[in-house]
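So the structure is just underneath, and the comments pick up after that.
Just so it is clear, none of the values below were taken in a lab; they were calculated from the coordinates. Since the model is a prediction, treat every value here as computed from it, not as a measurement. Counting neighbours? That spans all protein chains shown, and the Cβs are built from the backbone with ideal geometry, glycine included.
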Amino acid sequence: MAILVTGGAGYIGSHTVIELDKAGFDVVIVDNFSNSSPEVLNRLKTITGKDFPLYEGDILDRDFLVSVFEKENIDSVIHFAGFKAVGESVEKPLEYYHNNITGTLVLLDVMRQFNVKDIVFSSSATVYGMNNVVPFKEEMPTSATNPYGYTKVMLEQILNDVAFSDSDWSVTNLRYFNPIGAHESGLIGEAPNGIPNNLSPYITQVAVGKLEKLHIFGNDYDTPDGTCIRDFIHVNDLAAGHSAALNYLFNNENLGFDAINLGSEKGYSVLEILSNFEKAVGKEIPYVIDGRRAGDIAVCYADASKAKKLLNWEAKYTIEDMCRDSWNWQKKNPNGFKD
Ligand code: NAD
Ligand code: UFG
């Protein structure tokens, strides 16, 4: 019995593979390396001592997925594969809708064909949109402001409808808040292509000398220091959330659709994160204040009580741990997996 991990070579997927292995699950990875490197598999082997079965291919390719299900005894699926860059999704909506939505439809259809009806899906806090009040709770209305966000809102609806149509399905829909950090070995971590969109890799690339200075998008928000507040969560905590979600799926039957937040419940401002990174790095990190970025909300943090209740999971890592581990990864791999 194995867990199929789509997108298992990616940032969150690779950390989850380690966690699943530690928890005793057999893992099969599918990835097309559109946003990751085959080198990840070597690093996973160094960390775990294992060669995980890797099928290089696209989840849009039905025949490819069928061949994986024919060869492996898949019991359930953790579905990370998808595109995730908000800005790029505005420029390339068709590519985003096709990869994220069609890709998931093909995967669900093949799962149904093989009678595999347990899935853990990577959703996002982005589905809370612009109009909810923190802390975000699962029952709040969902919405989006960009094609990437809409793919998550739509996929949640699709998964909900699938679970409603056939009670054999169990869907654990995890809404991640802001994942940062890296495995403590410094062998795997977040390796964005080109200039990072997200705060943490941008800061560490300034610290390592690849970028000149951080641009802070707005200091006129209604927050104590004027910069936005986010719920940062260590990627290892997220990984542990997936293994908890699998246990939940295995110990209960016919769960239907459950949306569950994975967040730390703590909000840190952009300036607070910067100052924590300065401590981790041991030097000042230059920055300028720019105008607001379109689509940003002032404050975002989770109510994670549902995860605690259903999954017996809560975030353990501190913001100091997150900044230390992100920096450890960046300084050992200034060019990501190209080093
Ligand atoms: P990532 O880009 O590092 O990983 C995604 C992986 O999926 C990559 O290895 C990529 O090559 C692969 N992939 C993409 N399309 C594929 C396809 N059609 N077929 C096969 N493989 C494909 O991203 P991540 O940060 O690890 O995110 C994983 C999931 O979590 C995504 O669905 C993302 O939307 C979601 N998520 C991420 C964040 C975040 O901030 N990182 C926050 C919320 C939700
Ligand atoms: N920020 C800067 N400068 C930068 C990058 C970011 O000031 O160079 C600020 C942003 O304005 C925001 C905060 O840092 O206030 C966090 O921004 P990120 O881009 O790191 O993260 P977001 O909260 O915008 O979004 C991230 C993912 C989304 C996901 C969401 C919730 O990019 O895909 O977390 O999980 F949906």
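Order of 326-335, 68-77, 230-239 by packing, highest average Cβ count within 10 Å first?
Details: 326-335: 19.2, 68-77: 16.7, 230-239: 24.9.
With the highest mean Cβ count within 10 Å placed first, the list reads 230-239, 326-335, 68-77.
Amide H neighbours of SER76 under 5 Å, counting only residues 5+ apart in sequence or on other chains, H built in-plane at 1.01 Å?
Result for SER76 returns ALA2, LEU4.
Once every DSSP H run of n ≥ 4 in the chain is given -39500 (n - 2.57) and the sum is divided by its residues, what mean residue ellipticity at 222 nm do you get, rounded to the nearest 500 deg cm²/dmol?
Details: 11 runs with 124 residues, N = 339.
Calculated mean residue ellipticity at 222 nm is -11000 deg cm²/dmol.
By its C-alpha gyration tensor, with a ≥ b ≥ c as the square roots of the eigenvalues, how is the range 41-149 shaped: rounded for a/c under 1.5, else prolate for a/b larger than b/c, else oblate?
Working: a/c = 1.79, a/b = 1.66, b/c = 1.08.
Since a/c reaches 1.5 and a/b is larger than b/c, the shape of the range 41-149 is classed as prolate.
Give the span of the chain's Cα atoms along each principal axis, as three whole-Å numbers ordered largest to smallest.
Each principal axis gives a Cα extent; for the chain these are 54, 43, 38 Å.
I want the antiparallel fraction of DSSP beta bridges within the chain, as a percent rounded to 5. Kindly include the intermediate steps, with their values, before the conclusion.
Values: 2 of 42 bridges.
If we restrict to bridges inside the chain, about 5 percent are antiparallel.
For VAL30, which sequence-distant residues (separation of 5 or more, or a different chain) have an amide H within less than 5 Å of its own amide H, given hydrogens modelled in the peptide plane?
Long-range HN contacts for VAL30: VAL5, THR6, GLY7, GLY8, TYR55.
Please turn the phi angles of the range 145-150 into ³J(HN,Hα) values with the Karplus equation 6.51 cos²θ - 1.76 cosθ + 1.60 (θ = phi - 60°), one per residue in order, whole Hz, x for glycine and proline.
Residue by residue, the range 145-150 yields 10, 8, x, 4, x, 5 Hz.
In terms of modelled amide H atoms, which long-range or inter-chain residues lie less than 5 Å from the amide H of ILE188?
Amide H neighbours of ILE188, under 5 Å, 5+ apart: HIS183.
Distance check, please: which entries in LYS71/LYS331; LYS50/LYS210; LYS117/LYS137 exceed 31 angstrom between their Cα atoms? Each step should come with its number before you reach the end.
Numbers: LYS71/LYS331 40 Å; LYS50/LYS210 33 Å; LYS117/LYS137 26 Å.
The answer is LYS71/LYS331; LYS50/LYS210.
From a point 7 Å beyond the Cα of VAL90 in the direction of its Cβ, which residues of the range 196-238 have a backbone N at a distance under 15 Å?
Once the point is set 7 Å along Cα→Cβ of VAL90, 197-198, 217-218 turn out to lie under 15 Å by backbone N, inside the range 196-238.
May I ask you to compute the full-extension gain from ILE289 to VAL133, defined as 0.36 nm times their residue separation minus their alpha-carbon distance, rounded to one decimal in nm?
On the way: separation 156, 0.36 × 156 = 56.16 nm, distance 2.58 nm.
So the extension gain works out to 53.6 nm.
What order do you get for 5-17, 184-196 when each peptide is scored by the mean count of other beta carbon atoms within 10 Å, highest first?
My ranking of the peptides, most packed first, is 5-17, 184-196.
Quick one: check the C-alpha center-to-center distance for the range 86-149 versus the range 306-339, whole angstrom.
Distance between centres, Cα-based: 23 Å.
Relative to the longest principal axis of the chain, what angle (0 to 90°, nearest 10) does the C-alpha long axis of helix 39-48 take?
80
Residue by residue, what Karplus-based ³J(HN,Hα) values in Hz, rounded to whole numbers, does the range 99-110 have, using 6.51, -1.76 and 1.60 with θ = phi - 60° and x for Gly and Pro?
Here the 3J(HN,Hα) series is 5, 6, 8, 4, x, 5, 4, 5, 4, 4, 5, 5 Hz.
For helix 11-22, report the angle its Cα long axis makes with the longest principal axis of the Cα atoms of the chain; keep it between 0 and 90° and round to the nearest 10°.
With rounding to tens, the tilt is 60 degrees.
Helix 62-71 sits at what angle to the longest principal axis of the chain, using alpha carbons and giving 0 to 90 degrees rounded to 10?
Roughly 70 degrees, rounded to the nearest 10.
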